[in-house]
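The values are calculated or read from the model by the stated rules, or taken from the named source; none is laboratory data. Keep in mind the model is a prediction, meaning the values are calculated, not measured. Backbone-built Cβ (ideal geometry, glycine too); neighbour counts: all protein chains shown. What goes into the accessible areas is simple: the full protein's heavy atoms, side chains included, and nothing from ligands, DNA or RNA. Shrake-Rupley method; radii C 1.70, N 1.55, O 1.52, S 1.80 Å.
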Amino acid sequence: MKYSPDEIMQYIEEEDVKFIRLAFTDIYGKQKNISVMPDELERAFRYGIAIDASAISGFGCDVHSDLLLHPDPSTIAVLPWRPDHGRVVRMFCSITRLDGTPFGSDTRAILKKAISDAKKEGVSFAFGPEMEFYLFTCDEDGKPTKIPYDNAGYMDIAPDDKGENVRREVCLTLERMGIRPESSHHEEGPGQNEIDFRYSEPLTAADNAITFKAVVNTIAARNGLKADFSPKPLESMPGNGMHINFSAKSEDGSEIMPYVIAGILNHICEITAFLNTTSDSYKRFGSNKAPRYISWSSENRSQLVRIPAADGEYKRAELRSPDPMCNPYLAFALLIYAGLDGIKNKSELPEMADINLFSAPEEVTKKFKTLPSDIFSAGKAARESEFVKEHLPESIIDNYCK
């Protein structure tokens, strides 16, 4: 919903809002915020609110460390877990330097530029991430353990599935914040859960992904639990993925999805460092439906990209390698640029691999290239990539690849 600053300030006054959280993320996608009182909101909209960026990952050093946050009024959302009296709302922000120039490491701005570049080419994208997470119990001091909240399996029900009430509370909270959950269920691992929400344009999808993690963490804590989005919380159990559903449409109505998928497959090794950001990310590859080989197919969950069974507006592709620790703004931006590159060069899809690559013999799998095997090779591929250098600032590349 598009709101003007004046409409926001009127809402703040009428709805007894006492705190406004100005939210942003560091370069790794970790949400940060500063709270301001209602009297400061006009200044925030007109001039921005200053922050010290020197202690924020990837934002720079102590010299010239002041940056300004500019709230985006279209992103306002009430935080339902805060009191109704003296409400708290949140808005995502753009980040500039003091002279008004955009801050290069503002990953939300990087995604906005990618969307704009795609629009100039007559292409629009949509994304729908599916994030998995574990729920662990906490000890008597409130510190998280590695004891799963339950021992249920895939799509089990209560009483085996103890997480259904937590998922219900998360879904209801998301709805109150204007985010429409699509489905929720228990995943394969003990204490592992998944909640999927509606497809949307890229910036909204990324904002929703950041909001989703904040809501899950908050609701889990309110229930005496710890939510864990890391890619491999338990060594011998399934890891957490962030499967990214995506689609692309051309203004002229031409079929471009094969080019988009081909472009992503062509650049996937170069951008993996930004989709899989921890050393544990690479322990997930090649087992429990997490891909290892660069391949595609219809429906087949052993592939890097699969085409789920769907018709009409729900037809899409699904990238299965990313995990929830990635920054969705960077992930979506890089996927947009890879897709545009595929369209520009009319890249051809490789032959469809409609086989189970988890059980296929070596004489079959050796025909396929693989994803980077560890964080160091992924970083090397990113640093040497002209494609990455073209679309990301050197400061972000340096921080991810050091």
Can you tell me the length gained on complete extension of the stretch PHE368 to SER57, counting 0.36 nm per residue apart and subtracting the Cα distance? 108.3 nm
SASA check, SER200, accessible area w/ 1.4 Å probe, all protein chains in place, rounded to nearest 10 Å², comes out at 20 Å²
Could you list the residues of the stretch 349-379 with an amide nitrogen less than 17 Å from a label point located 7 Å from the Cα of GLU188 in the Cα-to-C-beta direction? 355-360
Reciprocal mean inverse distance between Cα atoms of the stretch 87-152 - Kirkwood radius, Å: 16.8 Å
Using a probe radius of 1.4 Å on heavy atoms only, what accessible surface per residue do you get for the stretch 260-302? Whole Å² is fine. 31 Å²
Ranked from the most accessible area to the least, with a 1.4 Å probe and all protein chains present, what is the order of HIS391, HIS243? HIS391, HIS243
Per residue, what volume in Å³ does the convex hull of the Cα atoms of the stretch 1-134 enclose? 148 Å³
Among (1) 156; (2) 195; (3) 143, the entry derived from the coordinates for volume of the Cα convex hull per residue in Å³: (1)
Stretched fully, the stretch from GLN31 through LYS143 gains (0.36 nm per residue minus C-alpha distance, one decimal, in nm) 38.2 nm
Cα convex hull of the stretch 170-232, projected area averaged across orientations, nm²: 4.6 nm²
Size of the stretch 342-402 along its principal axes in angstrom, Cα-based, largest extent first? 42, 31, 13
Evaluate E = 1/(1 + (r/R0)^6) for HIS85 and ARG176, where r is the Cβ-Cβ distance and R0 equals 25 Å; express this FRET efficiency to the nearest 0.05. 0.95
Going 7 Å from the Cα of GLU394 along its beta-carbon direction, which residues of the stretch 38-78 have the amide nitrogen within less than 14 Å of the resulting point? none
Taking a label point 7 Å from the Cα of GLU348 along Cα-to-Cβ, the residues of the stretch 250-282 whose backbone nitrogen sits under 18 Å from it are 256-267
Order GLU363, GLU164 by their accessible area, 1.4 angstrom probe, all chains in place, largest first. GLU363, GLU164
In Å, what is the Rg of the alpha-carbon atoms in the stretch 230-325, and how long is Dmax? 14.1, 49
Among MET131, MET155, MET91, the residue with the largest mean-square fluctuation in a Gaussian network model of the chain built from Cα contacts under 10 Å is MET155
Rounded to whole angstrom, the alpha-carbon centroid of the stretch 373-401 lies from that of the stretch 122-159 at a distance of 30 Å
Once you wrap a convex hull around the alpha carbon atoms of the stretch 1-53, what is its projected area averaged over all directions, in nm²? 4.5 nm²
Using 0.36 nm times the number of residues separating ARG198 and ARG222, minus their current alpha carbon distance, what extension gain do you get? 6.1 nm
How large is the Rg to Rh ratio of the stretch 250-395 when both quantities use alpha carbon positions and Rh follows Kirkwood? 0.95
Taking 190-196, 168-174, 4-10 and ranking on average Cβ neighbours within 10 Å, highest first, one gets 190-196, 168-174, 4-10
I'd like to know how the stretch 87-206 sits against the 2.2 N^0.38 Å rule of thumb: what's its Cα Rg over that expected value? 1.41
Could you identify which residue out of ARG90, ARG316, ARG43 has the top mean-square fluctuation in a GNM of the chain using Cα springs shorter than 10 Å? ARG43
